Every structure is written in C-alpha cells, then in structure tokens.
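Structure first, commentary second.
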Amino acid sequence: MKATTRALEQGGTQLVDQTNQKTVYTPPQTGQQIIDLMSDLERFINDDQLSDYDDLVKMALIHHQFESIHPFYDGNGRTGRILNILYLSKQKLLGAPILYLSRYLNRHKTEYYQLLQAVRDNKTNNDDWQAWLLFMLKALQVTSQDTLQTIKGIIALMQSCKQTIKAKLPKIYSHELINNLFTHPYTKVEFVTDELGIHRNTASKYLNQLVEIGLLTKHKLGKDNYYLNRELYDLLSN
C-alpha cells in the first residue's frame with residue numbers, strides 16, 4: 001500500500017490508498033486539534049520525565065505520532081524522517097546528523113505504510129506496536145551499518161587521493177585541497193579560490209591537473225565548469 005494525501009473541500013486531509021483510491025486514514029481535521037496534538041508531542045519529545053522509554057523506542061513512537069497527526073498537507077514524511085535524526089541528535093546518540101533513514105524506509109515502503117496503518121487501526125494491539133517498533137529499530141540498525149561502511153569508504157578514498165596527489169602533483173598538495181575535494185562530490189574554481197585563498201587562474205590550473213591524473217572529471221553546465229569527484233559520487237550513490 002502506498003498512501004497519498006488528498007485535500008478535503010471543507011479543510012483537512014485524508015490519506016488515500018493509490019491502488020484503489022479508498023481512504024485509509026483521516027488525520028485530525030481542525031487547526032486547533034493539530035495545535036493541541038503537536039503541543040503534546042513537543043512535550044513528549046523534550047520532557048524526559050514523561051516516560052522511561054528507551055531513546056530508540058521513543059524515537060519510533062514520536063515518528064508514528066507525528067505521521068498520524070499529519071500536520072501539513074505535504075512533506076509530512078520528509079519532516080517526520082528529519083525529526084527522527086533531530087531527536088537522536090538531541091539525545092546525544094548521534095554526534096552528527098548523518099543517518100539517512102529515508103533510504104531504508106523508501107526501500108521498504110509497502111511494509112512501512114502497512115505497519116504504520118496497523119497501529120492506527122488497532123492502537124491497543126501489542127503485536128502491532130511490537131511489529132512497528134521492530135521495523136523502526138531494524139531501519140536504524142541497517143542504516144547505521146551502511147553509514148559506517150560509507151564513512152570507512154570515504155576515509156579510504158581520501159587516503160588514496162592524498163597519496164596520488166603527493167606522488168603525481170606534490171607542488172599542489174595541501175590539506176585544504178583534499179578537504180575541498182571531499183566536502184561535496186563536486187567542486188568549482190570559485191570554491192577552490194575561496195577555500196585555499198589562491199588566485200582564480202591558479203585554482204583552475206590545479207583542478208585541470210587533477211583531471212589530467214584522473215582524480216576528477218570536468219563537466220560544463222551553462223557557463224560554469226564543475227569538477228566531479230567520480231569515486232566519491234559513486235560511493236555516496238551506492
């Protein structure tokens with residue numbers, strides 16, 4: 001099941017099953033209802049004295065409650081996933097907001113919606129709650145493992161890049177240049193000029209030399225040249 005949001009003429013929204021266009025869930029409809037429920041959720045998020053749930057369990061509960069309040073016409077899914085990471089950061093379980101839960105949830109979208117809806121339909125059914133919690137905990141586990149592998153891959157790629165530049169272009173090597181190449185999967189002359197404090201012509205020369213030894217590929221879009229770190233791009237894409 002994949003649900004989409006449908007606006008109602010009298011205000012409010014409904015969640016509709018795309019396969020049969022039937023309403024599967026009607027969120028709170030009035031502005032005051034939404035304000036009251038979001039206020040309760042805000043207190044639940046920020047006041048650790050209100051419950052003794054484990055932080056990861058609480059994150060899953062917060063996510064379900066936010067998606068069920070469905071306060072916005074559009075963007076509730078994205079906002080709810082961001083809220084997950086913000087809560088984990090707030091509880092100091094993440095040193096940086098780098099977990100991309102959306103990938104796992106999108107890959108298991110049908111199961112995600114089914115479990116989300118099952119709890120809405122049977123709020124007192126412990127089995128439905130357990131299935132929902134286990135799903136979200138597995139999402140965290142798999143995403144954490146994937147993220148660690150990505151970080152290790154980036155570190156290894158940076159080391160390889162350093163060694164290549166030191167060996168082939170020792171005169172242009174600097175920590176600032178390496179950081180520039182790995183801040184984003186691409187860079188531009190302007191970025192190198194600003195971050196290394198060098199002249200534009202020098203920055204352009206550096207980048208073209210990196211293209212020549214195969215560390216970057218050059219792409220022209222409009223009037224600008226973009227220099228793509230292809231290996232970093234592929235690593236992040238995978």
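Throughout, read-outs are computed from the coordinates displayed, never taken from laboratory work. Not measured: the values here are computed from a predicted model. We place every Cβ from the backbone using ideal geometry, glycine too, and count neighbours over all the protein chains shown.
If each residue's Cβ is checked for other Cβ atoms within 10 Å, how do His199, His64 rank with the fewest at the top?
On the way: His199 10, His64 19.
Ranking His199, His64 by Cβ neighbours within 10 Å, fewest first, gives His199, His64.
Run the dipole for the chain about the Cα centre, Lys and Arg Cβ at +1, Asp and Glu Cβ at -1, nothing else charged, and hand back the magnitude in debye, nearest 20. Show your work: numbers first, answer last.
Working: 27 positive and 25 negative charges, 270 e Å.
Using only the charged Cβ atoms, the result is roughly 1300 debye.
Ranking Gln117, Thr164, Tyr53 by Cα position along the charge dipole of the chain, where only Lys, Arg, Asp and Glu carry charges on their C-beta atoms, puts Thr164 farthest toward the positive end.
The alpha-carbon of Lys58 sits under 19 angstrom from the alpha-carbons of these aspartates and glutamates, leaving out residues fewer than 8 places away in its chain: Asp40, Glu42, Asp47, Asp48, Glu67, Asp127, Asp128. Would you list which aspartates and glutamates come within 14 Å of Lys223, measuring only between C-alpha atoms, while excluding same-chain residues fewer than 8 positions from it? The qualifying aspartates and glutamates are Glu190.
Taking 8 Å as the Cα distance limit and 6 or more residues as the minimum spacing, I'd like the relative contact order of the stretch 130-238 as a percentage. Before the final figure, lay out each step's value.
Details: 83 pairs, mean separation 25.6, N = 109.
Relative contact order of the stretch 130-238: 23 percent.
Across the chain, the relative contact order, built from alpha-carbon pairs under 8 Å that are at least six residues apart, equals 12 percent. Divide the volume of the convex hull around the Cα atoms of the stretch 107-228 by the residue count and you get 153 Å³ per residue. With no solvent and one point per C-alpha, what does the Debye sum give as log10 I(q)/I(0) for the stretch 42-162 at q = 0.14, 0.22 Å⁻¹? One equal scatterer on each Cα of the stretch 42-162 leads to -0.64, -1.41.
Along the axis of the charge dipole computed for the stretch 23-95 (Cβ charges of +1 for Lys and Arg, -1 for Asp and Glu, origin at the Cα centre), the listed residues Thr79, Gln91, Thr30 are led at the positive end by Thr79.
Could you give the size of the charge dipole of the stretch 169-237 about its Cα centre, using +1 on the Cβ of each K and R and -1 on the Cβ of each D and E, expressed in debye and rounded to the nearest 20? List each step's numbers first, then the result.
On the way: 8 positive and 8 negative charges, 58 e Å.
My answer is approximately 280 debye.
Across the alpha-carbon atoms of the chain, the computed radius of gyration and Dmax are 23.6, 69 angstrom. Within straight-line reach of Lys168, meaning a Cα separation under 15 Å, sit the following aspartates and glutamates at least 8 residues removed in sequence or on another chain: Glu212. Only one residue of Thr202, Trp129, Asn180 has its Cα farthest out toward the positive end of the dipole of the chain, where Lys and Arg carry +1 and Asp and Glu -1 on Cβ, and that residue is Thr202.
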